[in-house]
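Asks: Got a structure for you, questions after.
The values are calculated or read from the model by the stated rules, or taken from the named source; none is laboratory data. It should be emphasised that the depicted structure is a prediction, and the values quoted were computed from it without experimental measurement. Cβ coordinates were reconstructed from backbone atoms using ideal geometry, including for glycine residues, and neighbour counts include every protein chain displayed. Remember, those area values only see protein heavy atoms, side chains included, never the ligands or the DNA or RNA. Shrake-Rupley method; radii C 1.70, N 1.55, O 1.52, S 1.80 Å.
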Amino acid sequence: MPDDAAARAAAEEKSAFAHAPVDPDSTVAYGDHPDQVIDFYAPRGTGGPGGAVPLVVVLHGGAWRAPYDRRHVSPFADFLARRGFAVASVEYRRGAEGQEGQGEAAVAGRWPDTLDDVAAALDALPALVREVLPQADPRRTVLTGHSAGGHLALWAAARHVLPADAPWRTDRPAALRGVVALAPIADFTVADKLDVCGGAARQLLGDDERFAERLPYVDPALLLPTGIATTLVQGRADLDVPQAVADSYAEAAAKAGEVVGVTLLEDVGHFPLIDPAADACAVVAEEIAQLAW
């Protein structure tokens, strides 16, 4: 049975990565580093009243490692655009300089650059959207992300509850209709115990001392309640980020007095959630639509 599960997971990953990257309609910088850019996809469909459509902000996964950039999630961004959404796909700094060819050997994340970039991108986004995607209705913004990007989506929606000395803290909640986090690394303590993505959470935060010091600034399970509608979409057969991580976050939210939706998909692993060829991807689009409209 374990061999069958591993084979299925490998086939799902192969399918998700088999799609050719889809070029955006435009790319705009939010900073000076080459990774500080946002790809914009115009909606391919009918808008709502006055032609305005919801905006979906996408944060890609890849364990915060340098080899995995936004190109692998571009077919998913295009899929959402073809569903009638305006899409902004955010790039951010990952791993360390010069690690692009090291695959799984690359270190996960760059502290604090990864978080600096996500915060800066979202702060810059409203003005950029008005300029680049006038079809988008910023009042109907949904934040989504996959895996490590799911973590970043949950974190970005919780900036107003960060510790008072956090440089990314905001004075008020983000103007979001909600968050749809896809197989997110949503609880760093559980992810660390399970060695999720080859110990990516510990690599992002550092050794034991730094891990403990930085955890309150980055772990979504400690940044609750947010007051923002949140849904997790999780495959029950996910071997990369097991269901236990999502369950732990949902339990933490409940203890904090917040209800988090959890959509569990049977016989689905990690990658079908962003694979336009998979039924699970349509489920994701519907979860986004329920919050957006």
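Asks: When the Karplus curve 6.51 cos²θ - 1.76 cosθ + 1.60 is applied with θ = phi - 60°, which whole-Hz ³J(HN,Hα) does each residue of the stretch 208-214 get, with x for Gly and Pro?
Replies: 3, 5, 5, 4, 5, 5, 8
Asks: If exposed GluC sites (Glu not before Pro) are those in a DSSP loop with at most 10 other Cβ within 10 Å, what is the longest stretch of the chain that has none?
Replies: The reported range is 98-265.
Asks: Another question, then. Treating the stretch 116-184 as a set of equal point scatterers at the Cα positions, no solvent, please give the Debye-formula log₁₀ I(q)/I(0) at q = 0.22, 0.27, 0.28 Å⁻¹.
Replies: With no solvent term, the Cα-only Debye profile gives -1.03, -1.29, -1.31.
Asks: For ALA96 paired with LEU239, estimate the spin-label separation in nm (one decimal), with each label point 7 Å from Cα along the Cα-to-Cβ line.
Replies: Once both label points are built, they end up 3.0 nm from each other.
Asks: Under 5 Å between amide H atoms, partner at least 5 residues away or on a different chain: which partners does THR263 have, H built in plane at 1.01 Å?
Replies: Amide H to amide H, under 5 Å and 5 or more residues apart or across chains, THR263 pairs with LEU232, VAL233, GLN234.
Asks: Here is a follow-up. How many nm separate the modelled label positions at ARG82 and LYS193, each set 7 Å beyond the Cα in the direction of the Cβ?
Replies: 4.1 nm
Asks: Amide H to amide H, which residues 5 or more places from HIS270 or on other chains are under 5 Å from it, using H placed in the peptide plane?
Replies: LEU239, ASP240
Asks: Would you mind calculating the gained length between ALA11 and ASP171 on full extension (0.36 nm times residue separation, minus the Cα-Cα distance), in nm to one decimal?
Replies: 53.1 nm
Asks: How much of the DSSP bridge set in the chain is antiparallel, in percent, rounded to the nearest 5?
Replies: If I count the DSSP bridges inside the chain, around 25 percent turn out antiparallel.
Asks: As a test of the definition: which semi-axes, in Å, follow for the stretch 171-293 when you take the square root of five times each eigenvalue of its alpha carbon gyration tensor? Largest first, please.
Replies: Its equivalent ellipsoid spans semi-axes of 24, 20, 12 Å.
Asks: If R₀ is 25 angstrom, what is the calculated FRET efficiency for the pair ASP32 and GLU213, using the beta carbon separation as r and rounding to 0.05?
Replies: 0.30
Asks: Sticking with this one: Rounding to the nearest 20 debye, state how big the charge dipole of the chain is about its Cα centre with +1 on each Lys and Arg Cβ and -1 on each Asp and Glu Cβ. Intermediate values should be presented prior to the final figure.
Replies: On the way: 24 positive and 42 negative charges, 180 e Å.
Here the chain has a charge dipole of around 860 debye.
Asks: Rank LEU222, LEU59 by accessible area, highest first, at a 1.4 Å probe radius?
Replies: Result of the area sort, largest leading: LEU222, LEU59.
Asks: Rounded, prolate or oblate, given the Cα gyration tensor of the stretch 1-84, with a/c below 1.5 counting as rounded?
Replies: Because a/c hits 1.5 or more and a/b fails to exceed b/c, the stretch 1-84 counts as oblate.
Asks: Please turn the phi angles of the stretch 250-258 into ³J(HN,Hα) values with the Karplus equation 6.51 cos²θ - 1.76 cosθ + 1.60 (θ = phi - 60°), one per residue in order, whole Hz, x for glycine and proline.
Replies: So the J values, rounded to whole Hz, are 4, 5, 5, 4, 4, 5, 8, x, 10.
Asks: Still on this structure, I have one more. Count charges around LEU291 for me, please; just the other residues with Cβ under 11 Å from its Cβ, Lys/Arg as +1, Asp/Glu as -1.
Replies: The answer is 0.
Asks: Between rounded, prolate and oblate, where does the chain land on the alpha carbon gyration tensor, with a ≥ b ≥ c its root eigenvalues, rounded for a/c under 1.5, else prolate if a/b exceeds b/c? Show your work: numbers first, answer last.
Replies: Values: a/c = 1.27, a/b = 1.13, b/c = 1.13.
Rounded, since a/c falls under 1.5.
Asks: Expressed in nm to one decimal, what extension gain is obtained for the pair ARG139 and ASP25 from 0.36 nm per residue of sequence separation less their Cα-Cα distance?
Replies: 38.9 nm
Asks: Sticking with this one: Ordered by residue, what ³J(HN,Hα) values in Hz, to whole numbers, does the stretch 137-143 give under the Karplus form 6.51 cos²θ - 1.76 cosθ + 1.60, where θ = phi - 60° and Gly and Pro are x?
Replies: 9, x, 6, 10, 9, 10, 9
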